[in-house]
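Peer 1: I'd like to ask some things about the structure below.
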Amino acid sequence: MTSTAKAASSAILERDGKYLLVLRRNPPSADMYAFPGGRAEEGETPDETALREFQEETGIVARNPQLFSVYDLKTHAADGSVTSHFFLSVFTVEADADAVAEAADDAADLGWYSVDEIRRMPVPQSVLECAERLALRQ
């Protein structure tokens, strides 16, 4: 069985060397920390999806999305079949320095974490890779 990849986007907001992560409530990546994000809605561009999902999950209105990375993510069942397939566009975003994040929608919790902390947390490999790449640029 072949699956069609669903479009999804996530957004990375960094402040003082820490990254805003949400604790995912729903699959894929349930019970893992990740950058705020989710599935595209009909007619949305990847950057529009990133900004909408970021606001839905954190309450923060982000701006100036810049494409940072793309991933072809597949989740497999024990028998090897593909259970989910997402084409993920990851953006860096900006927001007002005084904007306060509050967990909402699919986010069970959220917080600001350094790369060292992220390395010890349950996160998708793509999240750790992006955080480490961004940390090298600072």
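The values are calculated or read from the model by the stated rules, or taken from the named source; none is laboratory data. Computed from a prediction, not measured in an experiment: that's the story for all the values here. Cβ placement follows ideal geometry from the backbone for every residue including glycine, while neighbour counts extend to all protein chains displayed. Only protein heavy atoms, including side chains, enter the accessible area calculation; ligands, DNA and RNA are left aside. Shrake-Rupley method; radii C 1.70, N 1.55, O 1.52, S 1.80 Å.
Peer 1: Going by amide H atoms built from the backbone, whose H comes under 5 Å of the H on F91, apart from near neighbours?
Peer 2: Excluding prolines and chain starts, which carry no amide H, the hits are S10, A11, I12, F68.
Peer 1: Relative to the first principal axis of the alpha-carbon coordinates of the chain, what is the inclination of helix 46-58, with its axis defined by its Cα atoms, in degrees from 0 to 90 and to the nearest 10?
Peer 2: 70
Peer 1: Tabulate in residue order the Karplus-calculated ³J(HN,Hα) for segment 19-32, using 6.51 cos²θ - 1.76 cosθ + 1.60 with θ = phi - 60°, rounded to whole Hz; enter x for Gly and Pro.
Peer 2: Result, rounded to whole Hz: 10, 7, 10, 10, 7, 6, 8, 10, x, x, 6, 4, 6, 10.
Peer 1: S84's amide H: which non-local residues (gap 5+, or another chain) put their own amide H closer than 5 Å, with H modeled 1.01 Å from N in plane and none for Pro or chain starts?
Peer 2: HN-HN under 5 Å from S84: T75.
Peer 1: Of all accessible surface on the chain at a 1.4 Å probe, what whole percent is carbon and sulfur?
Peer 2: 49
Peer 1: Report the net charge of residues surrounding F87, where surrounding means a beta-carbon distance below 12 angstrom and charges are Lys +1, Arg +1, Asp -1, Glu -1.
Peer 2: +2
Peer 1: For R39 paired with M121, estimate the spin-label separation in nm (one decimal), with each label point 7 Å from Cα along the Cα-to-Cβ line.
Peer 2: Computed distance between label sites R39 and M121 equals 2.5 nm.
Peer 1: Still on this structure: Compute the helix-to-body angle for 125-137: its Cα long axis versus the longest principal axis of the chain, expressed 0 to 90° and rounded to tens.
Peer 2: 30
Peer 1: Oh, and also: Amide H of G59: which non-local residues (sequence gap of 5 or more, or other chain) have their own amide H closer than 5 Å, using H built in the peptide plane?
Peer 2: E102
Peer 1: Taking R0 as 22 Å, what FRET efficiency do you get between K18 and E102 from their Cβ-Cβ distance, rounded to the nearest 0.05?
Peer 2: Using R0 = 22 Å, I get an efficiency of 0.85.
Peer 1: For I118, what is the net charge nearby, where nearby means another residue's Cβ is under 13 Å from its Cβ and Lys, Arg count +1, Asp, Glu -1?
Peer 2: That works out to -1.
Peer 1: If Lys and Arg each add +1 and Asp and Glu each add -1, what is the summed charge of the other residues whose beta carbon sits under 10 Å from the beta carbon of E56?
Peer 2: -3
Peer 1: Let me ask something additional. Which shape class applies to segment 81-138: rounded if a/c is under 1.5, otherwise prolate when a/b exceeds b/c and oblate if not, where a ≥ b ≥ c are the square roots of the Cα gyration tensor eigenvalues?
Peer 2: Oblate, because a/c is 1.5 or more while a/b does not exceed b/c.
Peer 1: For the pair V82 and R137, what calculated FRET efficiency results from E = 1/(1 + (r/R0)^6), where r is the Cβ-Cβ distance and R0 = 30 Å, to the nearest 0.05?
Peer 2: Efficiency computed from Cβ-Cβ geometry: 0.35.
Peer 1: Continuing with the same structure: Per residue, how much accessible area does segment 22-138 have with a 1.4 Å probe, in Å²?
Peer 2: Result: 56 Å² of accessible area for each residue.
Peer 1: Something else about it: For segment 33-81, taking Cα atoms only, what is the radius of gyration to one decimal and the Dmax to the nearest whole Å?
Peer 2: 13.4, 42
Peer 1: A further question follows. Starting from segment 48-133, pick out the GluC sites (Glu not before Pro) whose DSSP state is loop and whose Cβ has at most 13 other Cβ atoms within 10 Å.
Peer 2: E102
Peer 1: Another question about this same structure. Using Cα pairs under 8 angstrom and six or more residues apart, how large is the relative contact order of segment 25-138, in percent?
Peer 2: Relative contact order, segment 25-138: 28 percent.
Peer 1: Tell me, in nm to one decimal, what length is gained between V61 and S114 on full extension, where the rule is 0.36 nm per residue of separation less the Cα-Cα distance?
Peer 2: 16.9 nm
Peer 1: As a test of the formula, what do you get for the chain when each DSSP H run with n ≥ 4 contributes -39,500 (n - 2.57) and the sum is divided by the residue count, at 222 nm and rounded to the nearest 500 deg cm²/dmol?
Peer 2: Calculated at 222 nm, the ellipticity per residue is -6500 deg cm²/dmol.
Peer 1: Sequence gap at least 6, Cα distance under 8 Å: using those rules, report the relative contact order of segment 1-64 to the nearest whole percent.
Peer 2: 32
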